[in-house]
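Laboratory data are not the source of any read-out in this text; all were calculated from the coordinates shown. The structure presented is a predicted model; accordingly, all values stated were derived computationally and were not measured. Glycine gets a Cβ as well: all are built from the backbone with ideal geometry, and neighbour counts include every protein chain shown.
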Amino acid sequence: MSYMKETILVTAAEAVKHVTSGQRVFIQGSAATPVSLVRALIDRKHELRDVELVSISLHGITLNSEEIRGHFFVNSLFVSESVRQSVNDDTGDYVPVFLSEIPGLFASNVLPLDVAIIQVSPPDKHGYCSLGTSVDVTKAAVKHAKIIIAQVNPNMPRVHGDAFIPFHCIDYAIEVNDTLPEVSYGAAADAISERIGHHVASLVEDGSTLQLGIGTIPDQVLKNLSHLRHLGIHTEMFSDGVIPLIESGVIDNSLKKVVNGYCVTSFLLGTNKLYRFVDDHPYIKALDISYVNDPRVISQNPKVTAINSAIEVDLTGQVCSDSIGTYQYSGIGGQMDFIRGASLSAGGKPIIALPSVTKSGISRIVPLLKQGAGVVTTRGHIHWVVTEYGVVNLYGKNMEQRAKLLIHIAHPDHRDMLEKAARERFKN
């Protein structure tokens with residue numbers, strides 16, 4: 001492989017020697033998580049103290065608390081399984097922030113970056129690599145970090161859009177031939193997610209612009225849209241479920257006002273089938289998250305149908321999506337970016353979709369959010385709520401009316417409890 005002289009080709013162990021104690025290090029996430037470099041960095045832990053690790057969603061590796069304590073501190077901008085333990089103990093913490101605003105944290109030096117560790121495709125004949133499956137906040141991190149360390153992987157798809165960076169901007173590079181982390185949302189589907197997917201799909205109209213959150217429910221929604229026409233994609237992420245709709249022409253992006261004619265995303269996470277599909281596909285554009293998730297940009301598209309999940313919803317419509325009480329389970333992410341953008345879109349539909357109960361049978365529609373729970377979508381922003389028992393629209397409804405609607409789509413086993421709580425609260 002031929003490289004430009006400005007970049008030094010080294011081993012993983014040599015590359016991470018350029019991280020020093022007290023630095024803040026950004027790690028690219030999702031399917032682009034640079035696993036080999038992160039492992040090499042962790043292997044150096046006894047040489048390092050107080051290194052702050054910043055990321056949004058790592059895959060393929062777990063930052064174990066006992067392994068990093070005293071050497072690394074996880075300061076996460078979103079909470080995924082890989083960092084959940086650290087964020088909830090003394091080896092980490094969570095920064096509540098909208099995804100759309102994270103690049104601004106780097107640019108304004110609220111979170112200045114010393115090092116960015118990334119994964120890219122091999123350089124093309126013009127000397128440009130692609131950030132591949134994860135442009136999101138990585139583009140800004142590369143722009144503002146003082147040192148760029150990259151693993152160059154032929155398995156990283158060459159994704160179009162804002163993904164391209166000149167190879168010579170990378171200070172130290174290693175060569176790997178690693179498979180990318182895979183997630184199959186369809187494999188996790190069950191009867192409940194299928195019913196929720198069917199209900200949500202009933203809200204989608206011809207010409208809608210779709211935003212798809214993470215998980216099995218968006219995948220199930222997509223399976224119910226084959227009868228529609230002229231759908232568009234403007235979303236922070238998508239997975240394998242969009243492929244059949246693109247190939248069949250259901251998704252043609254012809255009615256979008258923003259980046260008309262193209263699928264717009266910020267990162268991709270799915271199976272190898274998805275990674276091969278998007279490789280060098282001119283129809284797919286991965287753009288900076290500060291643009292993709294800007295509510296002002298989102299709202300320009302017609303009929304934006306934003307599909308997001310929740311941990312619990314109280315009887316007034318407050319949505320907790322990031323914590324279980326005080327336990328930090330997830331993050332704000334892009335939910336509010338798209339809930340607001342969809343609500344301002346002509347014909348837009350902001351949707352919160354969730355199973356009516358947890359796996360242990362506890363109601364997700366509750367009289368009060370758990371003590372310490374974080375409100376991600378406020379009662380002033382809520383519109384559509386969907387469970388396997390139906391669809392309700394809370395917009396413009398007073399609090400007592402909202403309670404009655406939500407009880408209607410709660411699990412039957414919990415409706416008596418919820419009705420009693422509503423009577424006590426609203427005095428009737």
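Quick check: is even one residue across segment 330-341 of a type in the set (S, T, N, Q) and either more than 24 Å from Val54 (Cα to Cα) or surrounded by fewer than 18 Cβ atoms within 10 Å (Cβ to Cβ) (or both)? So far as segment 330-341 goes, no, none of its residues is of a type in the set (S, T, N, Q) and either more than 24 Å from Val54 (Cα to Cα) or surrounded by fewer than 18 Cβ atoms within 10 Å (Cβ to Cβ) (or both). Of Ile214, Ile243, Ile165, Ile233, all but one fail to be under 19 Å from the mean Cα position of the chain (by Cα) and in a strand (DSSP E or B); the exception is Ile233. Counting only residues that are under 19 Å from the mean Cα position of the chain (by Cα) and not hydroxyl-bearing (Ser, Thr, Tyr), segment 168-186 holds 5 of them. Selection of segment 129-162 for residues being of a type in the set (Asp, Glu) and either closer than 17 Å to Val54 by Cβ or assigned to a strand (DSSP E or B) (or both) yields only Asp136. Filtering segment 378-399 to residues that are over 11 Å from Ser356 (Cβ atoms) and either among the basic types (Lys, Arg) or in a strand (DSSP E or B) (or both) leaves Arg379, Trp384, Val391, Val392, Asn393, Lys397.
Within this structure, Val97 passes the test of being within 23 Å of Tyr291 (Cβ to Cβ) and surrounded by 18 or more Cβ atoms within 10 Å (Cβ to Cβ).
So that you can scan it fast, the table gives a plain yes or no per residue for (1) among the β-branched types (Val, Ile, Thr); (2) in contact (Cβ under 8 Å) with a residue 12 or more places away in the chain; (3) within 20 Å of Ser193 (Cα to Cα); (4) buried (at least 16 other Cβ atoms within 10 Å of the Cβ):
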{"position": "Ile352", "(1), (2), (3), (4)": "yes, yes, yes, yes"}
{"position": "Lys359", "(1), (2), (3), (4)": "no, no, yes, no"}
{"position": "Gly374", "(1), (2), (3), (4)": "no, yes, no, yes"}
{"position": "Thr377", "(1), (2), (3), (4)": "yes, yes, no, yes"}
{"position": "His381", "(1), (2), (3), (4)": "no, yes, no, yes"}
{"position": "Val385", "(1), (2), (3), (4)": "yes, yes, yes, yes"}
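So is Ile332 in contact with a Leu (Cβ under 7 Å, 6 or more places away or on another chain) and either under 25 Å from Ser80 (Cβ atoms) or assigned to a strand (DSSP E or B) (or both) or not? The answer is no for Ile332.
Every test in (1) in contact (Cβ under 8 Å) with a residue 40 or more places away in the chain; (2) of a type in the set (Gly, Ala, Ser); (3) surrounded by 16 or more Cβ atoms within 10 Å (Cβ to Cβ) is passed by Gly104 save one, and that test is (3).
Within the option set Ile298, Ile289, Ile284, being in contact with a Cys (Cβ under 8 Å, 6 or more places away or on another chain), crowded, with 22+ Cβ neighbours inside 10 Å and within 28 Å of Ser130 (Cα to Cα) holds for one residue only, Ile284.
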